[in-house]
Amino acid sequence: MTSEPPRSPDIWVMLRPATAYRALTLVPQHSSKWEAVSRPLGLLLWLGCIISLIATQRLTLRVVLDGMVNLSIVPLAEIVALAVVWRRARSVSFSRAVDLFFMGHGPWIIGLLGYATVWALVSPVDAFAWTAPRHIWPILLAVLVWSAYIDFCFFRDGLNRNCGAAWLDLVLERVIAWGLVIIVFGGAVLPSTLAGVIHS
Amino acid sequence: MSLARAISTALLVAALVFGTASDVSLPNPPFMLGGFRVLEVDFHAHAFPLSWAPLSPWNLVLEARRQHLDAIAITGHNHVWVAKVGRWFSQLAGGPTALVGEEIVSPDYHLLAIGISDPIDWRQTAAGAIDHIHRQGGIAIAAHPGTQFWPAYDAAAVSRLDGTEVLHPMIYAAPDAYGPFQEFYRRTHAAAIGDSDYHGIGPLGMCRTYVFASENSAPAILEAIRARRTVVWDRDGHAYGDPALISLTTQDKAFARMKARAETPDQGWMVRVGGLCGILGLLGLFIFRRNPKL
């Protein structure tokens, strides 16, 4: 592979995930611990900033740091889930797998940055109107589908799995990672929510 | 580091400097009206973990002070231990007053239990839950009482409610929600309550309750709610609550200034410039990430 990717690897993965992951797995591995933690740490800083913009309409260290600590469950849960899935197909080192996987957060980054922009720059009343569920749900659905396709490409082309196994990897990763995040963030209402679903 | 990446980093650092410098808060000076101390209170705020909120309880207390709130109730979903952490920090930091609360999330109703010490079980009727709240010395507030929750509030429950949320940010996202909140409020004889149902989205205390209490303390706030001494103003100039107190607030210029401060977002030039720098910086750092050598 001699050609340069058109943009940053994260944008390349976001726009052409299959091509990007096929090419990026050929990049010589540095196998450093830093490779495994640099993107998760970057995501953590980014999440802290987004929380601060949405919650206080500014970037203040008080909320950025608090958000980073509390939201550390997000990259941690993703790494735990990835570790489980990666053990099924060790075609690249784990640190490389983490780095490649975390390149695939583009749709979430763009979507949440747009959401934070509304809260940071628009009056609260308008922000509530603009981010009403009827506006947010279609965007959220697009992000979910887009993100799922990118991660599917990661498992298929980055971890060199066949299609069926890649879909299974995707489901497994989502169940473990999202399950952990849901328990930590909103676990207290799970019993009553489940009771409501069963009753209805 | 490329020039574009360096500029993005500089923008992010500038945003952090502007944002942190503008993150100042001072406790409210006592404000008296009609012989009572008027307290700005948000009875419905959530903290990390377990309640779908990103801010720690101590940061929620600091955010309440920044939003000029005299008191907040931290209302964990079906638990109270996070609220107790918030109350401990509030006492350490010198306020604002943090009330221990719970949002009882049942499939049939959402009910705020304020001023309690132990969790209230969600597996009971609304009337039963209200009785348990009262036995602990707390007050019961119907949370965002949309029509889907109305069947749970039978005559016994409605007659025992201490307050009901008539103003909630939901009305700005879905204006149709306002009518049912107003109608439910008129059905009860409960205190009018305005709450932000804060989950880390938008300003804490965006909707708030003006409580006419003898002092700024948890017992005095609970006593004022039981006596229905509250006023809630929406942004279109509609008021709810005790008619005599509404009349007092209408005539008082100092109250008008206090209300205007609560309704006007704290978005001076430093905040706006900082926010814009932050967004551009975050976007730049995503776009201009370095390429691997292929």
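Where a number appears in this text, it was derived from the coordinates with a stated rule and is not lab data. Keep in mind it's a predicted model, so treat the numbers as computed, not measured. All Cβ positions, even for glycine, are placed from backbone atoms using ideal geometry, and neighbour counts span all protein chains on display.
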Helix-only [θ] at 222 nm, chain B, -39500 (n - 2.57) per DSSP H run of 4+, per residue, nearest 500, equals -12500 deg cm²/dmol
Here Rg/Rh (Cα, Kirkwood) for segment A:1-109 equals 1.02
Here Rg/Rh (Cα, Kirkwood) for the protein assembly as shown equals 1.02
Per GNM of chain B with C-alpha springs under 10 angstrom, the most fluctuating residue out of B:GLY163, B:GLY146, B:GLY34 is B:GLY34
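Quick one: grab the alpha carbon gyration tensor of chain B, order the square roots of its eigenvalues as a ≥ b ≥ c, and give me rounded if a/c is under 1.5, else prolate or oblate depending on whether a/b is larger than b/c. Intermediate results must be reported in sequence, preceding the final value.
Values: a/c = 1.99, a/b = 1.61, b/c = 1.24.
Taking the square roots of the gyration eigenvalues as a ≥ b ≥ c, chain B is prolate.
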Over chain A, the sum of -39500 (n - 2.57) across DSSP H runs of at least four, divided by residue number and rounded to 500 deg cm²/dmol, gives at 222 nm -24000 deg cm²/dmol
When all Cα-Cα pair distances of segment A:61-168 are considered, the percent exceeding 17 Å is 64
Classified through the alpha carbon gyration tensor (a ≥ b ≥ c as square roots of its eigenvalues; rounded if a/c is under 1.5, else prolate when a/b is larger than b/c, else oblate), segment B:117-172 comes out prolate
Distance in nm between B:ALA244 and A:LEU144 label points, each 7 Å along Cα→Cβ, equals 5.3
Expected sort for B:GLU215, B:GLU102 with the fewest Cβ neighbours (10 Å cutoff) up front is B:GLU215, B:GLU102
Taking a straight Cα-to-Cα line shorter than 19 Å from A:LYS33, and setting aside same-chain aspartates and glutamates fewer than 8 residues away, one finds A:GLU78, A:ASP99
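For segment B:202-254, calculate the relative contact order in percent as a whole number, restricting contacts to Cα pairs under 8 Å that are 6 or more residues apart. Kindly include the intermediate steps, with their values, before the conclusion.
Details: 48 pairs, mean separation 13.2, N = 53.
Relative CO of segment B:202-254 lands at 25 percent.
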Among the Cα-Cα pairs of segment B:47-94, the proportion with separation greater than 18 Å, in percent, is 19
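Give, in whole angstrom and from largest to smallest, the semi-axes √(5λ) of the equivalent ellipsoid of chain A, with λ running over the eigenvalues of the Cα gyration tensor.
Working: eigenvalues 176, 93, 60 Å².
Those come to 30, 22, 17 Å.
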Expressed in nanometres to one decimal, the distance between label points 7 Å along Cα→Cβ at B:ALA10 and A:HIS135 is 3.4
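For segment B:110-213, what value does the Rg/Rh ratio take when both radii are computed over Cα atoms and Rh is the Kirkwood radius, given to two decimals?
Working: Rg = 13.4 Å, Rh = 14.1 Å.
Checking Rg against Rh, the ratio lands at 0.95.
D for segment A:123-200, whole µm²/s, Stokes-Einstein with Kirkwood Rh over alpha-carbon pairs at 10 °C and 1.306 mPa s: what number?
Numbers: Rh = 15.3 Å.
Stokes-Einstein gives a translational diffusion coefficient of 104 µm²/s.
Given an 8 Å cut-off on Cα distances and at least 6 residues of separation, report the relative contact order of segment B:175-290 as a percent.
Working: 94 pairs, mean separation 19.7, N = 116.
Answer for segment B:175-290 is 17 percent.
Give the longest segment of chain A that steers clear of trypsin sites (Lys or Arg not before Pro) in DSSP loops with at most 11 neighbouring Cβ atoms within 10 Å, not counting the sites themselves.
Working: sites that count: A:ARG87, A:ARG90.
Excluding the exposed sites themselves, the longest stretch runs over A:91-200.
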